[in-house]
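> Take a look at the following structure, please.
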Amino acid sequence: MAKIFCVANQKGGVGKTTTSVNLAAGLAKLEQRVLLVDLDPQGNATMGAGINKASLAASTYHVLLGEAEVTEARQRSEAGRFDVLPANRELAGAEVEMVELDSRERRLKHALAKVDGDYDFILVDCPPALSMLTLNGLCAAHGVIIPMQCEYYALEGLSDLVNTIKKVHANLNTDLKIIGLLRVMFDPRMTLSQQVSAQLEQHFGGKVFKTIIPRNVRLAEAPSYGVPGVSFDPSSKGAQAYIAFGAEMVERIKTM
C-alpha cells in the first residue's frame with residue numbers, strides 16, 4: 001500500500017516543487033517505487049522531471065474530471081526513474097469544473113486508490129494557495145511535508161498552514177497529519193536562519209526533519225535541463241541532502 005504525502009505550503013517560492021522532484025528521485029535511488037503527482041497548473045514538477053507539458057495527451061486535469069485513469073495519464077521520468085502524473089495550464093480550469101461534481105474534494109483520492117498497489121510512495125506537489133486543487137491533495141494524503149525557509153515571513157505563514165491542516169483533519173480526512181517540516185535553501189552563515197531553525201526545533205521538536213537542504217546552485221540549474229538535481233549532479237551538496245532526506249523519510253514511515 002502506497003504512502004501518500006503532500007508537499008504543501010501556502011507561501012510561494014519556498015521550494016515545494018524542488019523538494020517534490022528531488023525527493024521522488026532520491027527515493028527512486030533507494031529502490032522505492034514512486035509516483036509524483038503534479039497538482040500545480042504551472043506544471044513545473046512535470047518539466048523538472050523531464051516531461052514536455054505542452055504535448056500531454058492526458059494529464060492530472062483529465063484524471064480529476066474522470067476523463068482518464070491514472071494508468072493512462074502517467075508518464076515515466078527516465079532521468080529520475082519515477083512515474084509522473086503530469087500537469088499543464090489546463091489544470092487551472094479544473095477548479096471551476098469540479099464545483100459541479102460529486103465529492104469534488106476527494107476526486108484525487110479516488111483516482112489514486114486504483115494504483116495504490118503500484119507504488120511505495122505517492123508524492124503530491126501542491127500549488128501555492130489553499131484552492132480546490134490543494135484540498136484534493138490534502139484529502140488524498142496520509143501526511144504533509146512542509147518545506148520552509150528559515151526566515152521571519154515563513155514562520156508567519158506556517159501558523160496559517162497548520163490551522164488549515166487541522167481543519168482538513170477534523171472535517172475531511174482524519175488520516176491527515178504533519179509528517180515534518182523540512183528546512184530548505186538554508187544558509188548557515190546567516191544568523192537569522194540559525195535563529196529561526198532553533199525556534200522551529202524548540203516549538204515542533206521531532207516534527208522537524210534532521211536533514212537540512214542547503215542553498216545550492218546545482219539544484220537551481222537542474223530544472224532548465226529537465227533533470228532532477230539528484231540526477232543532474234549527484235555529488236553536489238543539494239543532491240546529497242535530498243538523498244539523505246529520502247532515507248530519513250523511509251525510516252520515518254516505519255514508525256507511522
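The values are calculated or read from the model by the stated rules, or taken from the named source; none is laboratory data. From a predicted model like this one, the values you see are computed outputs, not experimental measurements. Backbone-built Cβ (ideal geometry, glycine too); neighbour counts: all protein chains shown.
> Filter the stretch 21-33 down to the residues that are touching a Ser or Thr at 6+ places or on another chain (Cβ under 9 Å) and of a type in the set (A, V, I, L, M), then identify the one that is surrounded by the most Cβ atoms within 10 Å (Cβ to Cβ).
VAL21
> Further, regarding this structure: I want to confirm something. Restricting to the stretch 179-208 and keeping residues that are closer than 22 Å to ALA220 by Cα and among the aliphatic types (A, V, I, L, M), which single residue is surrounded by the fewest Cβ atoms within 10 Å (Cβ to Cβ)?
MET190
> One residue is enough: does the stretch 236-254 have a residue meeting the conditions in contact with a Pro (Cβ under 9 Å, 6 or more places away or on another chain), free of Cβ contacts under 8 Å to residues at least 12 places away in the same chain, outside any loop (DSSP other than H, G, I, E, B) and of a type outside the set (A, V, I, L, M)?
Yes, because at least one residue in the stretch 236-254 is in contact with a Pro (Cβ under 9 Å, 6 or more places away or on another chain), free of Cβ contacts under 8 Å to residues at least 12 places away in the same chain, outside any loop (DSSP other than H, G, I, E, B) and of a type outside the set (A, V, I, L, M).
> Of everything in the stretch 54-70, what is assigned to a helix (DSSP H, G or I), under 20 Å from THR134 (Cα atoms) and not aliphatic (A, V, I, L, M)? Give them in sequence order.
THR60, TYR61, HIS62
> Further question on the same structure: Please go through the stretch 137-147 and pick out each residue that is surrounded by fewer than 24 Cβ atoms within 10 Å (Cβ to Cβ) and more than 12 Å from the chain's Cα centre (by Cα).
Passing the criteria: CYS139, HIS142.
> Of all residues in the stretch 28-46, which are more than 20 Å from THR134 (Cβ to Cβ) and either of a type in the set (Asp, Glu) or part of a helix (DSSP H, G or I) (or both)? Show your work before the answer.
Pass one, the stretch 28-46, residues more than 20 Å from THR134 (Cβ to Cβ): 28-34.
ALA28, LYS29, GLU31, listed by residue number.
> Could you list, in sequence order, all residues of the stretch 71-126 that are surrounded by 14 or more Cβ atoms within 10 Å (Cβ to Cβ), among the charged types (D, E, K, R) and not in a helix (DSSP H, G or I)?
Those that are surrounded by 14 or more Cβ atoms within 10 Å (Cβ to Cβ), among the charged types (D, E, K, R) and not in a helix (DSSP H, G or I): ARG74, ARG81, ASP83, GLU90, ASP120, ASP125.
> Report the residue count in the stretch 209-248 for those that are touching a strand residue (DSSP E or B) at 6+ places or on another chain (Cβ under 7 Å), of a type in the set (Gly, Ala, Ser) and surrounded by fewer than 20 Cβ atoms within 10 Å (Cβ to Cβ).
1
> For a quick check of your reading: which strands (runs of 3 or more DSSP E) sit entirely within the stretch 136-226 and have at least 2 residues that are closer than 16 Å to THR19 by Cβ and free of Cβ contacts under 8 Å to residues at least 40 places away in the same chain?
In the stretch 136-226, 177-186, 208-214 are the strands (runs of 3 or more DSSP E) which contain 2 or more residues that are closer than 16 Å to THR19 by Cβ and free of Cβ contacts under 8 Å to residues at least 40 places away in the same chain.
> Would a scan of the stretch 189-197 turn up a residue that is closer than 23 Å to VAL37 by Cβ and at pLDDT 90 or above?
Within the stretch 189-197, not a single residue is closer than 23 Å to VAL37 by Cβ and at pLDDT 90 or above.
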